[in-house]
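Throughout, read-outs are computed from the coordinates displayed, never taken from laboratory work. Bear in mind that the values here come from a model prediction, so they are computed numbers and not experimental data. Neighbour counts are summed over all protein chains in view; Cβ atoms, including those assigned to glycine, are modelled from backbone coordinates with ideal geometry.
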C-alpha cells in the first residue's frame with residue numbers, strides 16, 4: 001500500500017546566543033512547520049553553566065536554555081551537535097543541551113557524555129517510516145572529541161598534508177586532505193549497523209573550508225564513504241557558506257547548507273555586520289556588502305519521502321535580513337540571484353547537481 005508522502009527539511013548552522021529565539025525564527029517557522037521531520041545543526045550548546053574551555057579561537061558563551069523552546073516552536077525535531085564548539089562550555093554544556101532538547105522531544109545526535117553516546121544514532125518514526133541520523137565532526141581541535149571517559153562529539157579525523165613544490169621554493173604548497181583510516185572505518189561501521197534499523201538514513205558532517213565554495217579533497221572522500229556504507233542523504237555545515245550539491249550513486253550530497261541563524265551574543269551591530277560580510281556569499285543585485293553587508297544567503301533543503309525512499313529533492317532559497325532573521329525568497333529577481341549563485345558554485349566545484357524552478361522551490365536533479 002502506498003504511504004502518503006512525508007517531508008523532511010534541513011538547514012545549516014543555528015546560533016541562538018541572544019534571547020528571544022522565537023524572533024529570529026519567526027519568518028521561517030511557517031515553512032519549517034510543514035516538515036514531518038526538521039533537522040538543523042546546533043552550532044553551539046544551550047547552557048547557563050560551565051566554564052570557558054578556551055580550546056577554540058572564538059569560544060561561545062552558550063545559548064540561553066530557554067531558546068530550545070524556540071527551536072521546538074519553529075518545528076525542529078532533530079538537532080545535530082558534532083561540531084567544533086561542542087566543548088566550549090565543557091561537560092555541562094553538552095549535558096544541558098541534550099537533556100534540554102529531550103524535554104522538548106527534540107532528538108539529538110553527534111554528541112554525548114562519552115564516545116559511545118556520541119556515535120549513537122537518532123531514530124524517529126513518522127507514519128511507519130523510520131528516519132535515522134548520524135553526525136560526525138571533521139574540523140576543529142581534538143579537544144572537542146569524545147572519548148571513552150570524556151564527553152564530546154563523534155568525529156572523523158582529517159589529516160592535512162602540504163606538498164612542497166621544489167621548483168618554486170617559498171611558493172604556495174599543494175594541499176592534500178584525507179580521512180585517517182581508523183576513524184573513517186569507525187564511521188562506516190556505525191552506518192552499516194544502523195542501516196537495517198531505518199528506511200531513510202541521513203549522515204551529517206561538520207566539514208568544509210570556511211567562506212568558500214571550494215570543496216576540499218576529504219569532503220568527497222567521507223561523503224562517498226558514507227553513501228557506500230548505506231547513507232541515503234549527506235548533509236554538511238560549518239563553512240557558514242552555501243556550497244554546491246552533487247549526486248553520488250544516485251544519492252544527494254549537500255556540501256554546505258550555509259548558516260541559518262547567527263544571533264551571536266556580545267557583538268555590537270557593527271561587529272555583526274562585519275562578521276556577516278565575511279560569511280555571506282556575494283549575490284550581485286541582491287546582497288551587496290557595501291550597501292547591505294548584513295545580508296546573507298542560505299537554504300532550506302527539502303526531501304519528499306514516499307514508500308521509504310526519497311522521491312524528490314529541492315530547496316527553498318532564503319536570505320538573512322538586517323534583523324538577523326532568515327526569510328524565504330520567491331521565484332523573483334532576488335530568488336533568481338540565489339539560484340544563479342548555487343548554479344555557479346556547483347559548476348565551479350565540478351559537481352553534477354542541476355537546478356530548476358518549480359513554483360517558489362528549486363528542484364535538484366543529477367546532471
Just 208, 308, 244 to compare: in a GNM of the chain, with alpha carbon springs under 10 Å, which one fluctuates most?
308
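So what is the calculated 222 nm ellipticity per residue for the chain, using -39500 (n - 2.57) for each DSSP H run with n of 4 or more, over all residues, to the nearest 500 deg cm²/dmol? Let's see the in-between values first.
Working: 9 runs with 89 residues, N = 367.
For the chain, the value works out to -7000 deg cm²/dmol.
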Any chance you could check the Cα centroid distance between region 130-155 and region 206-235 for me, in angstrom?
16 Å
Cut-off 10 angstrom, C-alpha nodes, Gaussian network model of the chain. Which of 305, 39, 109 fluctuates the most?
305
Can you give the Rg to Rh ratio of region 92-144, both from alpha-carbon atoms, with Rh computed by the Kirkwood formula?
1.02
Of 40, 174, 90, which has the largest mean-square fluctuation in a 10 Å C-alpha GNM of the chain?
174
At what distance in angstrom do the alpha carbon centres of region 79-95 and region 103-121 lie from each other?
11 Å
I need the shape label for region 38-85. Rule: rounded when a/c is under 1.5, else prolate if a/b > b/c, else oblate, with a, b, c from the alpha carbon gyration tensor.
oblate
Any idea how far apart residue 357 and residue 20 come out in nm if each label point goes 7 Å out from Cα toward Cβ?
3.5 nm
Tell me the Rg and the Dmax, in Å, that the Cα atoms of region 61-162 produce.
14.1, 50
Projected onto their principal axes, the Cα atoms of region 1-74 stretch, largest extent first, over whole-Å spans of 54, 24, 18
Quick check on region 42-196: of the DSSP beta bridges with both residues there, what percent are antiparallel, nearest 5%?
70 percent
Share of antiparallel DSSP beta bridges in the chain, in percent to the nearest 5?
60 percent
Cα centroids of region 37-51 and region 325-367: how far apart, whole angstrom?
29 Å
